[in-house]
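Colleague: I'd like to ask some things about the structure below.
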Amino acid sequence: MEQLAPLYESSDLDLGLDLGLELGLDLGLDQGLDQGLDLVSSCCVPAGVQPSMAHWFHRNPLKSTAPVSFNFYGVASSPAANKICNNLRTDRARLLEMFTDITCNPDMMKNATDAYFSLLQGFISSLDGTTQENKMRFIQNFKWTDTLQGNVPSAQQDAIFELISMSYNVAIWYTKFASRMAGKENVTEAEAKDVHRSLKMAAGIFKHLKETHIPRLITPAEKGRDLEARVIDAYIIQCQAEAQEVTIARAIELKHNATLVAALSYETANFYQKANQTLHTLEPECSNKWKKYFQLKMHFYMAYAYCYHGQTLLASDKCGEAIRSLEEAEKCYQRAEELCKEYRQTKGPGATARPSEQLFFLKLGALVKNTLQKCQRENGFIYFHKVPAEPPQLELKASYGLAEPLAFELPPLSDQWSAEVYSTFDLTKGAKNDKAKAKPEEEVKPMKEPDLKPQKDTGCVVS
């Protein structure tokens, strides 16, 4: 048996996959299927180019925030304290600029994030050797909008609220970076790995905020807003599901065993179903479009699961069951097609797109149709099996390729902080000057995100 190439080098754990290294999976599509099914008729593949699945992801807008000066009017009573305040202001502004800079990459984002968070932690961590709350935690008011609720801000005078909100935007940025990379005309193997890792990184940030920092807020999360459990859980699940889409595309591209593709597709469909259920009780005005996305992706990957399960059944000479599985795949695909139209027509956060016109969608339709016709022809000539009335029960478990959130850790406290510097922040001096120095509240202006038009979707990558 010919040795199957691994999905990625064994030393590279970014994708968390070692598929093919020890499994000895069969090369190519399952027995009984024409080689032509691998290259669907809807995609022209030039010499030297391998087919792959193109990706399309729904994205909610970034959070917006009011400017913060960190001018504490006498509270910072030493040059070192003033330097920290100045650096907080500039590092925050620089990080906010990174969110809309299309040249920003994960390394640049990490550097900007570490610079700001390492200083901000001096307003949160205990620096005086006691277990008391940091005296600087509640000195500054922060305003942030919501990814779902439009330009209506929430405000809390709490440095932890700022840490959570800014981290939230960092996670959203990673999802947008992944979407931008996945939408390129020719996605290389290295870029696919970046997409996969970015989505797992975003999931890890959301998970870390939910488990570690949100419970520390004095003011509880408002219902239906970003910090509420239903919303943050939906983001975590979405990131995991989309990371698995990259895994599925890679498994198909390298012609891995159809059983594995079916199992991964089934697990991914279940992720999208869970995300949809998570948002079930959320206000429909702000969540309907997002839910339509989850529903169409759920039916799309159920179609994939039934399609590849049908190939497995045909390879086992169960042609009648294979036909019924492909018929169910066709039904799921048709429902996904209907949901694409509903998604387009639904108002709500997120860009308007036409997913049913994307190549990833069209390729699956052609694959389901061609595979079903193949099974029906073989049943008429060879097997003569009765087609069951009920579709096969999918009890598929993927042992490989499942995406887990990457652990996220904040950077260590900046070396600009020390117990001595901390002691030079004198809150009693600031209280006297608050009224005299008070300024009008800053307006929260929408984040101007780059208007990126999708590139021509060829569905091909250079081999």
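Colleague: Around Leu163, what is the net charge, scoring Lys/Arg as +1 and Asp/Glu as -1 over all other residues with Cβ under 11 Å from its Cβ?
Modeller: Combined, the nearby Lys, Arg, Asp and Glu give 0.
Colleague: To continue, here is another question. Which far-off residues, 5 or more places away or on another chain, put their amide H under 5 Å from the one on Ser154, with H placed in the peptide plane?
Modeller: Trp144, Thr145
Colleague: For segment 157-257, what is Rg from Cα atoms divided by 2.2 N^0.38 Å, rounded to two decimals?
Modeller: So segment 157-257 has a normalised radius of gyration of 1.25.
Colleague: Once phi is turned into θ = phi - 60°, what whole-Hz ³J(HN,Hα) does the Karplus curve with 6.51, -1.76 and 1.60 give for every residue of segment 218-230, x standing for Gly and Pro?
Modeller: My calculation for segment 218-230 gives 6, 8, x, 4, 6, 5, x, 9, 4, 8, 6, 4, 4 Hz in order.
Colleague: Please quote Rg/Rh for segment 244-293 to two decimal places, taking the Kirkwood radius as Rh and restricting both calculations to Cα atoms.
Modeller: Value, to two decimals: 1.17.
Colleague: Now a separate question. Would you mind checking Lys176/Lys292; Lys200/Lys445; Lys210/Lys429 for any pair whose Cα atoms are more than 26 angstrom apart?
Modeller: Pairs exceeding the cut-off: Lys200/Lys445; Lys210/Lys429.
Colleague: What is segment 72-135's relative contact order, in percent, from Cα pairs under 8 angstrom and six or more apart in sequence?
Modeller: Value for segment 72-135: 25 percent.
Colleague: Add +1 for every Lys or Arg and -1 for every Asp or Glu among the other residues with Cβ under 10 Å from the Cβ of Ala76, and state the total.
Modeller: Once all neighbours under 10 Å are counted, the net charge is +1.
Colleague: Over segment 308-377, what lengths in whole Å, largest first, do the semi-axes of the equivalent ellipsoid take, defined as the square roots of 5 times the eigenvalues of the alpha-carbon gyration tensor?
Modeller: Largest first, segment 308-377 gives 31, 10, 8 Å.
Colleague: Another question, if that's okay. All other residues with a Cβ under 9 Å from the Cβ of Met181 taken together, and with Lys, Arg as +1 and Asp, Glu as -1, what is their net charge?
Modeller: So the surrounding residues net to 0.
Colleague: Rounded to the nearest 10 Å², what accessible area does Met447 show when all protein chains are kept and the probe is 1.4 Å?
Modeller: The accessible area of Met447 comes to roughly 40 Å².
Colleague: Can you pull the one-decimal nm distance between simple spin-label points at Arg89 and Asn151, each 7 Å off the Cα toward Cβ?
Modeller: 2.5 nm
Colleague: Under the Karplus relation 6.51 cos²θ - 1.76 cosθ + 1.60, θ = phi - 60°, what is the ordered set of whole-Hz ³J(HN,Hα) values for segment 313-324, x standing for Gly and Pro?
Modeller: Whole-Hz 3J(HN,Hα) from phi for segment 313-324: 5, 5, 5, 9, 6, 10, 5, x, 5, 4, 4, 5.
Colleague: Taking R0 as 25 Å, what FRET efficiency do you get between Gln277 and Lys341 from their Cβ-Cβ distance, rounded to the nearest 0.05?
Modeller: FRET efficiency, Gln277 to Lys341: 0.65.
Colleague: Which whole-Hz ³J(HN,Hα) couplings does segment 368-375 yield from phi under the Karplus relation 6.51 cos²θ - 1.76 cosθ + 1.60, θ = phi - 60°, glycine and proline marked x?
Modeller: For segment 368-375, the Karplus curve yields 4, 4, 5, 5, 5, 4, 4, 5 Hz.
Colleague: Follow-up question, since we're still on this one. What is the Cα convex hull volume of segment 267-364 when expressed per residue in Å³?
Modeller: 87 Å³
Colleague: Let me ask something else about it. Quick check on packing: order 123-130, 63-70 by the mean number of other C-beta atoms within 10 Å, highest mean leading.
Modeller: Per-residue Cβ counts within 10 Å, averaged per peptide and sorted highest first, yield 63-70, 123-130.
Colleague: Then there's this: Across segment 110-169, what fraction of all alpha-carbon pairs, as a whole percent, falls in each successive 10 Å bin from zero upward?
Modeller: Spelled out per bin, shortest first, that is 21, 46, 28, 5, 0.
Colleague: Additional query: Counting only the backbone N, which residues of segment 294-334 are under 17 Å from the spot 7 Å out from the Cα of Ala389 toward its beta-carbon?
Modeller: 321, 324-325, 328
Colleague: Distance cut-off 23 Å, Cα to Cα: go down the list Lys289/Lys448; Lys223/Lys397; Lys184/Lys374; Lys193/Lys341; Lys291/Lys331 and report the pairs above it.
Modeller: Lys223/Lys397; Lys184/Lys374; Lys193/Lys341
Colleague: Once both labels are modelled 7 Å past Cα along the beta-carbon direction, what's the Thr219-Ala80 spacing in nm?
Modeller: Distance between the two pseudo-spin positions: 3.3 nm.
Colleague: While we're looking at this one, here's another question. Would you grab the residues whose amide H sits under 5 Å from the one on Ala66? Only those 5+ places off in sequence or on another chain, please, with H modelled 1.01 Å from N.
Modeller: Distant-sequence amide H within range of Ala66: Lys143.
Colleague: Once the convex hull of the C-alpha atoms of segment 198-354 is built, how many Å³ does it hold per residue, rounded to a whole number?
Modeller: 117 Å³
The values are calculated or read from the model by the stated rules, or taken from the named source; none is laboratory data. Just so it is clear, the model here is predicted, and its values are computed rather than measured. All Cβ positions, even for glycine, are placed from backbone atoms using ideal geometry, and neighbour counts span all protein chains on display. Each accessible area value is taken on the protein alone, full model and side chains, heavy atoms only, with ligands, DNA and RNA left out. Shrake-Rupley method; radii C 1.70, N 1.55, O 1.52, S 1.80 Å.
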